[in-house]
Each structure stands twice: as structure tokens, then as C-alpha cells.
Amino acid sequence: IAFAFGFAVMTGIFTLGHISGGQFNPAVSTAMLIDKRLSIKEYAVYILSQFAGAIFGLLLLLVARPDVPKFVAPNTNLVIVFFEMFVTYIFVYVILAVSQRKLFTSHVALIIGLTLTCLILVSVQVTGAALNPAVIFAALLMNQGLSVYLYYLIGTVSGAILAALTYKLLKFKDDQTTN
């Protein structure tokens, strides 16, 4: 699972990065909004597209493989919140750091894809490795209902917000030391 998601995101960034910046994750888009890389209007379009894409992708998977195991949250609610916050924080911070326009190269997709792969490997047994509010929404909607979705949403979005604020703080300090 980890390698499939990591390589899928890597491929998506390589092929669609020039159109959308390779944003397939509402947590990432939230951080981009905070870092002023997206307008409110762009943010709304991205969020709607990401949730629609997640639902459509899961429907395709269920049509192709109806025997896919159902997603069941493997841990307690507080563990979900804090672990998802932690792994999403790392993921989003890496994305913010490597995706600056002046530094953007083809290596960005590789770095982001490998980071996602590692974070999924670390978190899959603990939380199911959501890291993406749209994907976990689709998985829970199709499988077990949305009773635990709020915990995933709080974890992933708060991790993204903390990463964006940390990035802005460190970027600001770096700007001050170079001037």
C-alpha cells in the first residue's frame, strides 16, 4: 500500500504538477492557503476537486475489485488525532520546503513520493495512514460510516496548519538572517 500510494503521488506530481502544483490532498492545500500560494477561490476549487477525486477513485477501485477489504480505523480516537497530526505535519512541511517555485525541479516529485511512502509505512498499523482528509472521507463513507471521520479531519488539518505556521516562522527567520 505504501509504495503504491507513494508512487501514485509521485506520478501525479510529475504529470500534473505543472497544472495544479500536484495538489491532491486538502491538508496540503490548506497549508498552501496559509502560505499564500493559493487564493480562497483556488482553495475552494481544489478542495471540491480533491474530495470528488477521492470518491470517484474509490468507486473505480470498488468496481474493479469488489473484494477490497473494508477500511476500519485500527486505533482509538486520540491516537488517530495525534498520530495523524504528527505524520501530516511532517508530510506537509516537506512539501512546503521542497515546492517553492524558485526551487521546483523534477526531484520534488521524488522527494514527496518517498516521504509519503515512509510515512505510510510508519503509520499504517497505527491509524491506517490517512494523511489525506479526502481519501479517508471516501474510504469511511464507503465502508464503515463517518463516525470517526472527525478525528482524522482534526488530525490531518491541524498537522497541516502547524506545518504551515512552522514553515512561515522558519522562512521568516531565514529571510531576516539573509538580509
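We did not get these values from a lab; they are worked out from the coordinates using the rules stated. Note that this is a predicted model, so its numbers are computed, not measured. Every residue, glycine among them, receives a Cβ derived from its backbone with ideal geometry; neighbour counts consider all protein chains shown.
Once both labels are modelled 7 Å past Cα along the beta-carbon direction, what's the Leu110-Leu141 spacing in nm?
The answer from the label model is 3.6 nm.
For the stretch 1-73 and the stretch 109-154, what is the centre-to-centre distance using only Cα atoms, to the nearest Å?
Cα centroid of the stretch 1-73 versus Cα centroid of the stretch 109-154: 11 Å apart.
State, to one decimal in nm, how far the label point of Val63 lies from the label point of Gln100, with both points 7 Å from Cα in the Cβ direction.
In this crude label model, Val63 to Gln100 measures out at 4.4 nm.
Trypsin sites (Lys or Arg not before Pro), restricted to the stretch 1-105: which are DSSP loop and have at most 13 other Cβ atoms within 10 Å? Can you show the working numbers first?
Numbers: sites: Lys36, Arg37, Lys41, Lys70, Arg101, Lys102; in loops: Lys36, Arg37, Lys70.
The qualifying sites are Lys36, Lys70.
Measure off 7 Å from each Cα along the Cα-to-Cβ vector at Ile40 and Ala2, then give the distance between these two points in nanometres to one decimal.
Here the modelled spin labels are 4.1 nm apart.
Please count, across the stretch 2-178, the pairs of lysine residues with Cα atoms under 21 Å apart that sit 8 or more places apart or on different chains.
Eligible lysine pairs with Cα atoms under 21 Å apart amount to 7.
When the helix-only estimate is applied to the chain (DSSP H runs of n ≥ 4, each -39,500 (n - 2.57), divided by the residue count), what is the mean residue ellipticity at 222 nm, nearest 500 deg cm²/dmol? All intermediate terms of the calculation are to be shown ahead of the outcome.
On the way: 7 runs with 137 residues, N = 179.
After summing the helix terms and dividing by residue count, I get -26500 deg cm²/dmol.
With the cut-off at 1.5 for a/c, could you classify the stretch 2-178 from its C-alpha gyration tensor as rounded, prolate or oblate?
Since a/c reaches 1.5 and a/b is larger than b/c, the shape of the stretch 2-178 is classed as prolate.
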